[in-house]
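Worksheet: the structure to be examined is printed underneath.
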Amino acid sequence: MALNGNHSGRSRNRRLGGKGMQRILILAGIFGILTFVILFGKLWQLQVVQHETLEKKAISQQTREVSSTANRGTIYDANGAILAISGSVQNVILSPRDVLARVEVEEKDEFGNPRSPSVIEAEKKQKVQDTYDIIADGMSEILGIDREDVIARLNKTNSAWQVLAKKVEDDVADQVRAFIEEHELEGCLYLTDDSKRYYPYSTTASQVVGFVNSQNEGAYGLEALYNGELSGEDGRTIIAKNASGTEMPSAYSSFTDAVDGYDVHTTIDATIQMFAEKTVEEGIEKFDVTNGAFCIVMEPDTGAVLAMVSYPDYDLNDPNAVVDATESAKLARLKNDPTVTDEEYKEAVSQSQFKQWSNKCLNTSYEPGSTFKPIVVAAGLEEGVIDESSTFYCSGKVHVGDWDIRCSARSGHGSQTLRKAVMNSCNPALIDIGQRLGAEKFYEYWENFGFTSTTGIELPGEEKSVFWDREEFVSPAGITSLATGSFGQRFTTTPIQLITALSACINGGHLMEPYVVQSVTDNEGNVVSYHEPSEIRQVISQETSDLVRSFMESVVNDAGGTGKNAKVAGYRIGGKTGSSQTLDSSDHIIVSFVGFAPADDPEVIVLLAYDWPQPAAPGANTTAGGVYISGGNMAAPMCGELIATILDYLGYEKSGSASTTASGVTIPRLTGMSLTEAQAALSKLGLSCRTSGEGDTVTDQAPSAGSSVPAGSSIVLYLGTEKAEETVPMPDLTGMTYAQAKEAMESVGLYLEATGAGQEGTVFSQSVDPGAPLEVGTAVEVKFTDIAAEDEGLSPGDLWNH
């Protein structure tokens, strides 16, 4: 029995041991599976879920990526002068993470014993602070930035990219490099290549060229429209680094070169542009203009724009600064006004900036007034409803619908030919032409001359003309609209649209697409695109165009023409004056002139306008200086001088006889003649002489040959002696009559070379500044205008009445 008991006990123990082993194996298996699951989950999280994050972190710790900015393409004028160019500059970058990693502290003392963790921490903290102070002090001094801002950036210890300064010049960049080397801060501070936009001509053609924003992308003008071509592609450099931030060679390093942008070649001639800008600025000051001005110079045969001026303008190198004196004064008043909030002041600044950035030549439409009349005349001639022999009667007003529409000549022009009606800028005559055309045909030519769409010029923001709805215009109710539209009022168009249509009137009838970009080239000079002159359609015949051009020449050159003040001796200039009322104020008048030359074969056409010359008093029709407010008295003389200056620059020779011209008498070459021969030659021209020295042969003369002097002037002939080199100051002739100016000049031994209205007017400008020294005997060109003549001027508020 005992044996059986022992045996059963051993059997039970074996069974228990077997079960225990099974439990152990099961638990081990479960534990193993759980461990595998946990490890697999962790690996899944690291290798799959967090793969991209960890990869980016590893790359950021082991490499440094530096971008290199592509050089933005250059913008050139028509002659290769640089209007916009990019220069190499540097960005100063701080890596707080690398600054922190750079600081190392010994963990054992000099005997090899472990140092206290608290001591290590304190020493590291102090070293970090010392490094921060060095960087903050150095960068604030070199870059001119706030020290506390540098400290704040250093405390962003997880960042490897903090921009301390953008686009620093070479001299500053060199100081930063020296600082890095001196303090062994490689990897903590570094420079990246960038480019900065420079505009060598500052304000010249500012609204055409435009500017770039802080990201070096075009914001306005050609910079914006051609941003894709100009931008190029930035390069990228990836460099491996070790734990201390030191760069080192690696197979993981890669380099992608930047590809520079294309160059844009414009049709703008920087010299002509500056001539036009000077004309605009001088007129604004001379006529007390308060709402800016615009001017376009174009080749009528091609549509190429040689100059485009919009005032106020701005400095392309600092586009946010308001440079116009009027706008600046307004902002200064608002800033000092305690009742104006910060938000209101900021809004005013934004409005002033937008005003100077906007291009009046295409972003703003206006009522063109009488400068539109050649288009109506052209349409009437083309349709055969009028011809050169047509006559019109003007009583001073005409009744249309419920309105009496008045002419500038309140007593009327009486009976007049078509040519004379254009010269007189007669509103009733143009209304008659419009009525003969009829509303349907009028609207058809409105479309044919391109006014129902934009011109397509390569500049952003071009507005469309605003005209009456066609159904309304051709209905019986549109009779007044037809009348006012016939002389350029109560609809609006843009300057670029108007000069494009007027070019068709004088170039043989071809409506050309205007353009400011001639070509785009790559950085090796290969032509990517080229703008050939593009004709949209032929609007009128060559015969009609020739006649309109002839009429417009008469406006300037024939007696009584409203554009007579645009006349310049030696040049055949044609044109048309304009004075248009606006609806916002009875005193708000835009005075303008469109001129072209040479009149027989136009090479340039110019549209010039001054917006709102200030009257001497509310309701007055003259300025404080006594100039009648009209296109003929303000825009015409300024435009005539501009056209003459442009033609001189382009190399056109003056025309006219060699003896008597509108400006006076041209002096022949007398040197080498006997005294008797010289006296006879002068006598034939109505000139006298006085002599200096003794002898029978003329050895010199004053003024020199080719000079123009008033009839009756006395010429100095030098006999056996040289001309004296005595100088005298140029008198100030402002506001003088012809007789007064002639007397003032001759009293100091100078001669008057009169241009413009001559003996009928008063001094408008003089070619030599008052006080400038001149040799005795010098002939000085002085322009006279008939500033009191009303021509097509408007009396504010009374153009039409019920």
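For Phe354, the conditions (1) open to solvent by less than 10 Å² (accessible area, probe 1.4 Å); (2) hydrophobic (A, V, I, L, M, F, W, C); (3) out of contact with any helix residue (DSSP H, G or I) (no Cβ under 9 Å at 6 or more places or on another chain) are fulfilled apart from (1).
Gln497 meets each of the listed conditions (1) closer than 23 Å to Ser550 by Cβ; (2) buried (at least 22 other Cβ atoms within 10 Å of the Cβ); (3) of a type outside the set (Ser, Thr, Tyr) apart from (1). If only residues of the stretch 496-544 that are in a helix (DSSP H, G or I) and β-branched (Val, Ile, Thr) are counted, the one that is nearest to Ser465 (Cα to Cα) is Ile496.
Residues in the stretch 359-389 that are at negative phi, open to solvent by less than 20 Å² (accessible area, probe 1.4 Å) and either small (Gly, Ala, Ser) or free of Cβ contacts under 8 Å to residues at least 12 places away in the same chain (or both): Ser370, Ala378, Ala379, Gly380.
If you go through the stretch 310-361 and keep only what is under 18 Å from Gly292 (Cα atoms), of a type in the set (A, V, I, L, M, F, W, C) and in a loop (DSSP other than H, G, I, E, B), you end up with Ala321, Val322, Val323.
Quick check on my filter: what residues within the stretch 711-766 are more than 20 Å from Cys689 (Cα to Cα), among the hydroxyl-bearing types (Ser, Thr, Tyr) and open to solvent by 40 Å² or more (accessible area, probe 1.4 Å)? Within the stretch 711-766, Thr727, Thr734, Thr737 qualify.
Residue-by-condition table, conditions (1) at pLDDT below 95; (2) open to solvent by 20 Å² or more (accessible area, probe 1.4 Å):
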{"position": "Thr203", "(1), (2)": "no, yes"}
{"position": "Gln207", "(1), (2)": "no, no"}
{"position": "Gly210", "(1), (2)": "no, no"}
{"position": "Ile239", "(1), (2)": "yes, yes"}
{"position": "Asn242", "(1), (2)": "yes, yes"}
{"position": "Asp257", "(1), (2)": "yes, yes"}
{"position": "Thr279", "(1), (2)": "no, no"}
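Table: residues versus (1) surrounded by fewer than 22 Cβ atoms within 10 Å (Cβ to Cβ); (2) free of Cβ contacts under 8 Å to residues at least 40 places away in the same chain.
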{"site": "Val527", "(1), (2)": "yes, yes"}
{"site": "Gln538", "(1), (2)": "yes, yes"}
{"site": "Leu547", "(1), (2)": "yes, no"}
{"site": "Val568", "(1), (2)": "no, no"}
{"site": "Gln581", "(1), (2)": "no, no"}
{"site": "His588", "(1), (2)": "yes, no"}
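Could you please let me know if Glu722 is among the acidic types (Asp, Glu) and in a helix (DSSP H, G or I)? When the stated conditions are applied, Glu722 does not pass them.
In the stretch 401-410, the condition of being at pLDDT below 95, of a type outside the set (Asp, Glu), closer than 27 Å to Thr494 by Cα and assigned to a strand (DSSP E or B) is met by at least one residue.
Just to be sure, is Val520 closer than 23 Å to Glu458 by Cα, buried (at least 21 other Cβ atoms within 10 Å of the Cβ) and aliphatic (A, V, I, L, M)? Lay out the reasoning, then the answer.
Numbers: closer than 23 Å to Glu458 by Cα: yes; buried (at least 21 other Cβ atoms within 10 Å of the Cβ): no; aliphatic (A, V, I, L, M): yes.
Considered against the rule, which asks whether it is closer than 23 Å to Glu458 by Cα, buried (at least 21 other Cβ atoms within 10 Å of the Cβ) and aliphatic (A, V, I, L, M), Val520 comes out as no.
Scanning the stretch 185-201 for residues that are among the aromatic types (Phe, Trp, Tyr) and crowded, with 18+ Cβ neighbours inside 10 Å yields Tyr190, Tyr199, Tyr201. Under 9 Å between Cβ atoms, which residue pairs at least 6 apart in sequence (or on different chains) link something in the stretch 197-208 that is in contact (Cβ under 8 Å) with a residue 60 or more places away in the chain with a partner that is among the small types (Gly, Ala, Ser) and open to solvent by 10 Å² or more (accessible area, probe 1.4 Å)? Once the first residue is in contact (Cβ under 8 Å) with a residue 60 or more places away in the chain and sits in the stretch 197-208, its partners that are among the small types (Gly, Ala, Ser) and open to solvent by 10 Å² or more (accessible area, probe 1.4 Å) give Arg197/Ser86; Arg197/Gly87; Tyr198/Ser86; Tyr198/Gly87; Pro200/Ala81; Tyr201/Ala81; Gln207/Ser358. Residues that are among the small types (Gly, Ala, Ser), in contact with a strand residue (DSSP E or B) (Cβ under 9 Å, 6 or more places away or on another chain) and either touching a residue at least 24 places away in the same chain (Cβ under 8 Å) or part of a helix (DSSP H, G or I) (or both) do occur in the stretch 601-614, at least one of them.
If you go through the stretch 162-176 one residue at a time, do you hit one that is in contact with a Ser or Thr (Cβ under 7 Å, 6 or more places away or on another chain) and either within 30 Å of Ile82 (Cα to Cα) or open to solvent by 70 Å² or more (accessible area, probe 1.4 Å) (or both)? Within the stretch 162-176, not a single residue is in contact with a Ser or Thr (Cβ under 7 Å, 6 or more places away or on another chain) and either within 30 Å of Ile82 (Cα to Cα) or open to solvent by 70 Å² or more (accessible area, probe 1.4 Å) (or both). Could you please let me know if Phe31 is aromatic (Phe, Trp, Tyr) and modelled with pLDDT of 75 or more? Yes.
The rows are residues; the columns are (1) more than 19 Å from Phe372 (Cα to Cα); (2) surrounded by 15 or more Cβ atoms within 10 Å (Cβ to Cβ); (3) out of contact with any Cys (no Cβ under 8 Å at 6 or more places or on another chain); (4) among the hydroxyl-bearing types (Ser, Thr, Tyr).
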| position | (1), (2), (3), (4) |
| --- | --- |
| Lys397 | yes, yes, no, no |
| Val400 | yes, yes, yes, no |
| Trp403 | yes, yes, yes, no |
| Cys407 | no, yes, no, no |
| Gly412 | yes, yes, no, no |
| Asn427 | no, yes, no, no |
| Ile433 | no, yes, yes, no |
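Somewhere in the stretch 663-675, is a residue at pLDDT 90 or above and either within 22 Å of Gln273 (Cα to Cα) or among the aromatic types (Phe, Trp, Tyr) (or both)? No: zero hits.
Yes/no matrix, rows are residues, columns are (1) touching a Leu at 6+ places or on another chain (Cβ under 9 Å); (2) modelled with pLDDT under 90:
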site	(1), (2)
Ile120	no, yes
Met139	yes, no
Arg147	no, no
Glu169	no, no
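The values are calculated or read from the model by the stated rules, or taken from the named source; none is laboratory data. Please read these numbers as outputs of a predicted model, since none were measured by experiment. Note that we place each Cβ from the backbone using ideal geometry, even for glycine, and neighbour counts take in every protein chain shown. Side chains included, ligands, DNA and RNA excluded: accessible areas come from the protein's heavy atoms. Shrake-Rupley method; radii C 1.70, N 1.55, O 1.52, S 1.80 Å.
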